[in-house]
Amino acid sequence: MKNNRLLYKFISILLAVFLFATNVNTMINTSSTVYAAESDLEAEREERKTLPIQTDHIENWPKGPAIGAKSAILMEMNTHTILYAKSIDQKNFPASTTKIFTCLLAMQNCTLDETVTFSYDAIHDVPLDGSKLGDVNEGDTLTMEQALYCILVQSANEVASAVGEHVAEKLSLAGENQKNIDAFADLMNQKAAELGCKNTHFTNANGLHDENHYTTAYDLALIGCEFFNNELLCKISSTPQYHFKLNSSDEDERWMASKNQLYKGKPYQYDYLLGSKTGFVSQSRQTLVSAAEKNGMKLVCVIFGEETPYQFEDTIALFQYGFENFQRLSVSENETNYKIIAGDLFDTDNDLFGDSTPLMSLEEGSYVILPNTAAFTDMVSSLDYEDHSNQGDQNVIATINYTYADVPVGSCKIIFSNSEKKDITFALGNSIPEIAEITTGNEKNKQTKNGISNDVDNVIFINVQNVIIGILILAALAIFILFIISVFNSYSFSPRGQSHKRRRKRRQESRLERFQSFRRKMREKKRQRKRRKEYKKRK
């Protein structure tokens, strides 16, 4: 019996040792696998640093930083000047950076107090391991403002779907047997094309992986320019944490915190940040779209295919590259090649001599983006006379487009004064009056007249010199006529006229005599009053 107990203990000890060894081996293998995976990712990242940077091949362009992102772009927000380009037309999965477009379309079509209702599909089409608000049921509601915070702070997938459905339902976009979320995706694709996106296709509102849901760094930067030009969206997309009550009956508020490390108080805090949105699916790795402003220059940065936390390091490196190597130059303060002259084309509702405001001028606030080593005169400029009336720019006569080393760096419109006018177009086949004069000595500048309309309706050509000369001739003629009338009133050569002249002269002499007699009487009365006063004083 005793031997059996000893045998049992011995077997137990052997079993325990075996299990321990097995667990240790599993832990070692798992650790090795993780380490190997991390090593592979790091090796891939180092390899991506060697990928070509397209902007590095531009003459006299600042060399950009070597980053581990597969694709990246740095774009100036208003001129859309590309400062840094690395595989910017390569198709990528945007992941949750899709949500900035969802929120932009919501802001453009809805008010903040509108009610967003969760549908069954919005809740259950989101995988359990995806980013969610969680604990919501069909029929629950949020205000649009709360929904935007949930999307941009928590990156809540079901909330993004609910917002997309809400926009589609409000605009009645869904066709027969079409889901609202599919109709919203169609709206996304339509609006993306209007923004100039050429390699983008969306299938959902939240960015969950789909082989047909893709974009490029360039296209997402265009969307980002629109998104970050909205002050409220910038505020929400730079909010590190948010809390609210889902239902008024809830005792506790729901708290959510962003994983974005560029925000204030985070490890990669960036002081010039306007806003930012993260994204991740295993097929895309880390994605990030951000905007920053410094000294009046606004930049948008997109990072695709990076590893944590290097997407934040890449973004900061690109922002620093942009702010340190490029300058923002005002067109109106530096432009000397184009001189606005009093030419042959004017159209104004103001009185010609009552308003000294120039009838044509360069658009205020226009600027170009150039490397710090470049001067304004280093650019090549061209005039574009394209008709802008269909874009709502009724006062635009032409646009000056600027390039540096064949890179578009900005433009400036030549505009009329703010008078109300009908549409004005140039007529093909007629001599086009000069509205701008290029100073001699700069052979880089050229004029293009592409897009001039053949329609000559509403074409107004007014020669101001001829108008002024005509007015002067009319004034001289009027003075001459008045002079002739005066001569005829003063002189007459007929006997009857002479008699009339004598009678008029006698009447004038009679009136003069009566007036002088009256004055003598008044002086006499004055002397009499004076003598009476003196007499009274002597008495």
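The values are calculated or read from the model by the stated rules, or taken from the named source; none is laboratory data. This one's a predicted model, so the numbers in the text were calculated from it and none came from an experiment. Glycine also receives a Cβ, built like all others from the backbone with ideal geometry; neighbour counts cover every protein chain displayed. Ligands, DNA and RNA are excluded from the accessible area calculation, which covers all protein heavy atoms including side chains. Shrake-Rupley method; radii C 1.70, N 1.55, O 1.52, S 1.80 Å.
For the stretch 229-268, give me each residue that is open to solvent by 90 Å² or more (accessible area, probe 1.4 Å) and in a loop (DSSP other than H, G, I, E, B).
SER248, SER249, GLU251, ASP252, LYS259, LYS264, PRO267
Only residues in the stretch 79-91 that are under 14 Å from ASN325 (Cα atoms) count as the first member; pair them with residues that are open to solvent by less than 10 Å² (accessible area, probe 1.4 Å) and among the small types (Gly, Ala, Ser), Cβ under 8 angstrom, at least 6 apart or cross-chain, and list the lot.
Pairs found: LEU83/GLY322; TYR84/ALA72; TYR84/GLY322.
When the residues of the stretch 160-210 are filtered to those that are of a type in the set (Asp, Glu) and more than 30 Å from THR81 (Cα to Cα), which remaining residue is least open to solvent (accessible area, probe 1.4 Å)?
The extreme case among them is GLU165.
Matching residues to (1) more than 23 Å from the chain's Cα centre (by Cα); (2) over 19 Å from PHE280 (Cα atoms); (3) part of a strand (DSSP E or B):
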| residue | (1), (2), (3) |
| --- | --- |
| THR203 | yes, no, no |
| ASN206 | yes, no, no |
| ASP219 | no, no, no |
| GLY224 | no, no, no |
| PHE227 | no, yes, no |
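Has the stretch 273-287 got at least one residue that is out of contact with any strand residue (DSSP E or B) (no Cβ under 8 Å at 6 or more places or on another chain), open to solvent by 80 Å² or more (accessible area, probe 1.4 Å) and free of Cβ contacts under 8 Å to residues at least 60 places away in the same chain?
Within the stretch 273-287, none of the residues are out of contact with any strand residue (DSSP E or B) (no Cβ under 8 Å at 6 or more places or on another chain), open to solvent by 80 Å² or more (accessible area, probe 1.4 Å) and free of Cβ contacts under 8 Å to residues at least 60 places away in the same chain.
Going by the conditions given, is SER382 out of contact with any helix residue (DSSP H, G or I) (no Cβ under 8 Å at 6 or more places or on another chain) and either modelled with pLDDT of 65 or more or in a strand (DSSP E or B) (or both)? Step through it out loud before you land on a result.
Working: out of contact with any helix residue (DSSP H, G or I) (no Cβ under 8 Å at 6 or more places or on another chain): yes; either modelled with pLDDT of 65 or more or in a strand (DSSP E or B) (or both): yes.
Criteria met by SER382.
Would you pick out the residues in the stretch 60-107 that are among the small types (Gly, Ala, Ser) and within 29 Å of ALA183 (Cβ to Cβ)?
Those that are among the small types (Gly, Ala, Ser) and within 29 Å of ALA183 (Cβ to Cβ): ALA95, SER96, ALA106.
Within the set of pairs 6+ apart or on separate chains, which have a first residue in the stretch 258-271 that is without any contact (Cβ under 8 Å) to a residue 40 or more places away in the chain, a second that is open to solvent by less than 10 Å² (accessible area, probe 1.4 Å) and assigned to a loop (DSSP other than H, G, I, E, B), and C-beta atoms under 8 Å apart?
Sorted first by the residue in the stretch 258-271, then by its partner, the pairs are LYS266/ASN260; GLN269/LEU262; GLN269/TYR263.
Output the number of the condition that LEU233 fails; it satisfies all remaining conditions of (1) within 13 Å of LEU152 (Cβ to Cβ); (2) touching a Gly at 6+ places or on another chain (Cβ under 8 Å); (3) at pLDDT below 95.
So LEU233 meets the others, but not (3).
Pairs under 6 Å by beta carbon, first residue within 25 Å of ILE397 (Cβ to Cβ) and assigned to a loop (DSSP other than H, G, I, E, B) in the stretch 459-479, partner open to solvent by less than 100 Å² (accessible area, probe 1.4 Å) and at pLDDT below 85, six or more apart or different chains?
Taking only residues 6 or more apart or on different chains, the pairs are VAL459/ALA427; ILE460/ASP347; ILE462/PHE346; ASN463/ASP344.
Quick one: count up the residues across the stretch 169-179 that are assigned to a helix (DSSP H, G or I) and without any contact (Cβ under 8 Å) to a residue 40 or more places away in the chain.
Summing the residues that are assigned to a helix (DSSP H, G or I) and without any contact (Cβ under 8 Å) to a residue 40 or more places away in the chain in the stretch 169-179 gives 1.
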